[in-house]
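Reading through the structure tokens given below for one structure.
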Amino acid sequence: MGTFDGKVAVVTGGSRGIGAAVAKRLAVDGASVVVNYARSAAAAGEVVAEITAVGGRAVAVKTDVSNPEELDGLFRETEAAFGATIDILVNNAGIYLTGMVDEFSSEDFERTFAVNVRSVFEVTKRAVPRMASGGRIINLGSIVGERVIGPGLSAYGASKFAVHGLTRGFARDLAGRGITVNTVAPGPIDTEMNPADPKINPAADFMRGLVPTGRYGRAEEVAAAVAFLASPDAAFINGTELTIDGGITA
């Protein structure tokens, strides 16, 4: 039996990068997975196809989680596919917009907080009534929410600091219901958002140089941490951040 047999997981931003790795890991461990996406239908379909090809259960659901008006549809489709109960929620959807404070637009600031912060609140608010005791909520933060490692990261860092704050507050709010809430805080992870190839990402060598282990992390390594926090073994872990950064913040 898999760790998550009979469980239902919702992964926001599940079509690419860390979200896709999380969706596939939870499915391999037995969960039925809702792969949420905002724009990339083809990528979400590929994730679902990979899961179902090995006998897993998954559906792709298009929802812009930064728009509260679309969220009821996400949960209606989840219920139609897998029933009314949600056991695991992974708030992974996020954007990574950078720029110096005097150059960063107000529109990009608002968009950063809409996707990275408000969606965590709004999705969680709607998921909680569908969760029973033993439910797990894992939010994707960042080490930049604790330590700004370079210039141009003020808005992104502030948004992830807010995610860490929401995690702590949610953990207090929901502990009495038997629901735990934790943050996974990655450092540099090789994804489309932050590729390790310096030919694509001019900041790659700088970031790699900050890591004592000398490499970018893999999305699958973050997914393993999410799976642990979602598991029964993590029942007494609540309101904390699990940092996955190769030692940058050591």
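Read-outs throughout are calculated quantities, based only on the coordinates presented, and are distinct from any laboratory measurement. This structure is a prediction, so every number in the text was calculated from the model and none was measured. Counting neighbours? That spans all protein chains shown, and the Cβs are built from the backbone with ideal geometry, glycine included.
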* Asked: With respect to Gly30, is the statement that it is free of Cβ contacts under 8 Å to residues at least 12 places away in the same chain, surrounded by fewer than 24 Cβ atoms within 10 Å (Cβ to Cβ) and farther than 18 Å from Ala127 by Cα true?
  -> no
* Complete set of residues in segment 56-115 that are under 10 Å from Val10 (Cβ atoms) and of a type in the set (Phe, Trp, Tyr) -> Phe75, Phe82
* Within segment 129-152, which residues are of a type in the set (A, V, I, L, M, F, W, C) and over 19 Å from Val184 (Cα atoms)? -> Met131, Ala132
* Is it the case that Arg39 is under 22 Å from Asp190 (Cα atoms) and assigned to a loop (DSSP other than H, G, I, E, B)? -> yes
* Asked: For the subset of segment 34-61 comprising residues that are in contact with a Phe, Trp or Tyr (Cβ under 9 Å, 6 or more places away or on another chain) and under 19 Å from Lys125 (Cα atoms), which member is surrounded by the fewest Cβ atoms within 10 Å (Cβ to Cβ)?
  -> Val61
* Within segment 135-152, how many residues turn out to be crowded, with 21+ Cβ neighbours inside 10 Å and either hydrophobic (A, V, I, L, M, F, W, C) or not in a loop (DSSP other than H, G, I, E, B) (or both)? -> 8
* Asked: Which one is nearest to Val226 (Cα to Cα) among residues in segment 166-195 that are without any contact (Cβ under 8 Å) to a residue 40 or more places away in the chain and out of contact with any Lys or Arg (no Cβ under 7 Å at 6 or more places or on another chain)?
  -> Gly169
* Pairs, please: C-beta under 8 Å, at least 6 apart or cross-chain, first residue under 10 Å from Ser119 (Cβ atoms) and touching a residue at least 12 places away in the same chain (Cβ under 8 Å) and in segment 62-78, second crowded, with 17+ Cβ neighbours inside 10 Å and of a type in the set (Asp, Glu)? -> Val65/Glu122; Pro68/Glu122; Leu71/Glu122
